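The structure under discussion appears below in the form of structure tokens.
The values are calculated or read from the model by the stated rules, or taken from the named source; none is laboratory data. Given the structure is predicted, the values throughout are model-derived calculations rather than measurements. All Cβ positions, even for glycine, are placed from backbone atoms using ideal geometry, and neighbour counts span all protein chains on display. Please note that ligands, DNA and RNA were not included when accessible areas were found on the heavy atoms of the full protein model with its side chains. Shrake-Rupley method; radii C 1.70, N 1.55, O 1.52, S 1.80 Å.
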Amino acid sequence: VSLLALIVAIVASGFARLNVGIMAGALAWIVGHYLAGMSVADVLRGFPLNLAAVLFGITFLFAQAQLNGTLNQITHRAIRATHGRRGLMPLVFFGLAVVLATVGPGNIGATALLAPLAMATAGKMGIGAFLMTVMVANGANAGAFSPFAPTGIIANGLIAQLGIEMNPWSQVYLPSLLAQTFIALASYVAFGGLALWRADLADGDGHDQRSAAVEIEPFNRAQLMTLAAIAALIGGVIVFQADPAFLAIALAAVLSLFGAAEQDAAIDAIPWATIMMVCGVSMLVNILQTTGGMDLVTGLLAGVANSQTVTGVLAFTAGLISAYSSSSGVVMPAFIATVPGLLSRLPSANPVALVSSINVGAHLVDVSPLSTLGALCIANAGAHEDRDKLFRRLLYYGLSMALVGALVCYVFFGLLLPQG
């Protein structure tokens with residue numbers, strides 16, 4: 001029954017307007033308390049309070065950085081450095097998306113920041129909107145598993161809850177970064193990047209004229225304070241092992257105190273729906289673990305795969321569900337919870353390979369216009385673009401990533417990573 005409840009929540013998330021976290025929380029209470037005989041306190045123990053605090057603190061700080069223009073200033077300076085080379089511009093936006101997602105805003109925040117600028121730049125410089133969308137979205141996902149980014153916080157929190165020890169940088173962030181970068185570069189070659197380089201060679205002096213159109217303003221006081229706060233967050237967590245949640249909250253409080261950002265607007269910009277989604281689904285997954293429902297899932301996956309092919313199976317299944325559901329709010333909490341069971345049934349499997357396949361498979365499809373990343377880019381496409389055509393191309397590309405992701409994860413994580 002608990003497994004059926006999770007399936008209902010996942011399917012409903014693709015069709016109903018109700019936040020799946022609210023539905024999952026209600027189902028966790030019904031199944032856990034009334035059918036499994038758990039107390040309400042035991043049901044509530046599945047609520048990941050530490051994870052919610054980290055998500056709140058980090059997103060609050062970077063909402064301030066986005067609202068006061070700090071991140072936009074960094075982006076404009078990076079564009080100016082390319083001297084208007086069209087072949088380089090999609091790669092620059094890919095790199096910017098990686099960096100911005102890594103330092104804190106995450107994949108949705110980085111895409112929301114970059115999409116208007118990227119699509120406007122593509123229109124002015126004659127770069128295809130499809131290529132620019134693919135590079136921005138894949139770049140944002142490539143940096144999404146940083147320990148400072150919401151998706152990375154979710155992944156590391158879920159892994160820690162299972163009692164699995166994994167280095168957040170080398171074993172969670174890096175595998176996803178490499179796989180997403182490989183897909184992005186292959187897409188760049190396949191969808192017109194090399195043609196832009198050839199056009200640049202023939203263009204000659206047009207480069208500097210295009211870059212001159214990007215106006216640069218000096219950092220103001222609020223933005224300099226915000227840059228210092230971001231540096232303090234990164235240094236405090238890496239060097240001093242400070243708690244990221246409360247350090248981010250403290251730094252955000254200082255910025256608000258000195259008027260570096262509008263506090264109310266920053267609070268409104270926090271992705272409360274995502275936090276509720278992750279926490280509610282985590283509660284329901286905890287009920288599955290308690291009642292043995294998760295054993296049914298892991299048994300099914302282990303029955304159709306071995307220690308090498310399970311990476312492709314996980315990536316394909318996660319990709320299919322993520323195509324119409326939330327990658328970090330639904331797919332990751334549900335699938336990462338299967339890792340301990342899979343390791344017990346497939347002793348030679350590598351936990352890094354299993355988690356990485358889930359992470360990569362779930363996020364590769366997010367270029368689709370059905371996801372927030374693809375939708376943001378379409379919404380900001382130039383007036384000259386055929387949005388219907390762009391929608392179809394991104395839809396086909398995104399859905400095909402379920403298969404491509406399965407193949408990439410099978411090769412990268414099933415064959416190349418050493419077995420456990």
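Mind listing whichever residues of region 1-12 are open to solvent by 30 Å² or more (accessible area, probe 1.4 Å) and in contact (Cβ under 8 Å) with a residue 24 or more places away in the chain? Val1, Leu3, listed by residue number.
One line per residue, one yes/no per condition, for (1) hydrophobic (A, V, I, L, M, F, W, C); (2) part of a helix (DSSP H, G or I); (3) in contact with a strand residue (DSSP E or B) (Cβ under 7 Å, 6 or more places away or on another chain):
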{"residue": "Leu6", "(1), (2), (3)": "yes, yes, no"}
{"residue": "Ala9", "(1), (2), (3)": "yes, yes, no"}
{"residue": "Arg17", "(1), (2), (3)": "no, no, no"}
{"residue": "Trp29", "(1), (2), (3)": "yes, yes, no"}
{"residue": "Ala41", "(1), (2), (3)": "yes, yes, no"}
{"residue": "Phe47", "(1), (2), (3)": "yes, no, no"}
{"residue": "Leu51", "(1), (2), (3)": "yes, yes, no"}
{"residue": "Thr59", "(1), (2), (3)": "no, yes, no"}
{"residue": "Asn72", "(1), (2), (3)": "no, yes, no"}
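Identify all residues within region 106-150 that are not in a helix (DSSP H, G or I) and not aliphatic (A, V, I, L, M); write none if there are none. So that I can check it myself, show each step before the final result.
Our first condition is that a residue be not in a helix (DSSP H, G or I); within region 106-150, this holds for 126-128, 143-149.
Passing the criteria: Gly126, Gly128, Gly143, Phe145, Ser146, Pro147, Phe148.
In contact with an Asp or Glu (Cβ under 6 Å, 6 or more places away or on another chain), buried (at least 24 other Cβ atoms within 10 Å of the Cβ) and in contact (Cβ under 8 Å) with a residue 24 or more places away in the chain - does that describe any residue in region 110-133? Yes, the conditions are met somewhere in region 110-133.
What are the pairs, 6+ residues apart or on separate chains, where a residue within region 238-264 that is assigned to a helix (DSSP H, G or I) has its Cβ under 7 Å from a residue that is open to solvent by 30 Å² or more (accessible area, probe 1.4 Å) and among the aliphatic types (A, V, I, L, M)? If the second residue must be open to solvent by 30 Å² or more (accessible area, probe 1.4 Å) and among the aliphatic types (A, V, I, L, M), the pairs left are Pro244/Val237; Ala245/Ala53; Leu247/Val237; Leu251/Ala232; Leu255/Met225.
Within region 134-146, identify whether any single residue is surrounded by fewer than 24 Cβ atoms within 10 Å (Cβ to Cβ) and either out of contact with any Cys (no Cβ under 6 Å at 6 or more places or on another chain) or touching a residue at least 60 places away in the same chain (Cβ under 8 Å) (or both), and answer yes or no. Even if it seems obvious, please write down each step before you answer.
Just the residues of region 134-146 that are surrounded by fewer than 24 Cβ atoms within 10 Å (Cβ to Cβ), to begin with: none.
Looking through region 134-146, none of the residues is surrounded by fewer than 24 Cβ atoms within 10 Å (Cβ to Cβ) and either out of contact with any Cys (no Cβ under 6 Å at 6 or more places or on another chain) or touching a residue at least 60 places away in the same chain (Cβ under 8 Å) (or both).
Selection of first residues in region 31-55 that are closer than 13 Å to Asn286 by Cα and of second residues that are open to solvent by 60 Å² or more (accessible area, probe 1.4 Å) and assigned to a loop (DSSP other than H, G, I, E, B), restricted to Cβ pairs under 8 Å at least 6 apart or on distinct chains, gives the following pairs, ordered by first then second residue: Val31/Val1.
Of the helices (runs of 4 or more DSSP H) that lie entirely inside region 155-218, those containing 3 or more residues that are more than 30 Å from Ala406 (Cα to Cα) and either modelled with pLDDT under 90 or open to solvent by less than 20 Å² (accessible area, probe 1.4 Å) (or both) span 193-203, 206-212. Within region 13-60, being open to solvent by 60 Å² or more (accessible area, probe 1.4 Å), over 30 Å from Phe246 (Cβ atoms) and modelled with pLDDT under 85 holds for Phe15, Arg17, Leu18. Here Leu343 meets the list (1) modelled with pLDDT of 90 or more; (2) surrounded by 22 or more Cβ atoms within 10 Å (Cβ to Cβ) almost entirely, failing just condition (2). Among the residues of region 293-327 satisfying the criterion of being open to solvent by 20 Å² or more (accessible area, probe 1.4 Å), modelled with pLDDT of 85 or more and among the hydroxyl-bearing types (Ser, Thr, Tyr), which is farthest from the chain's Cα centre (by Cα)? Selected residue: Thr309.
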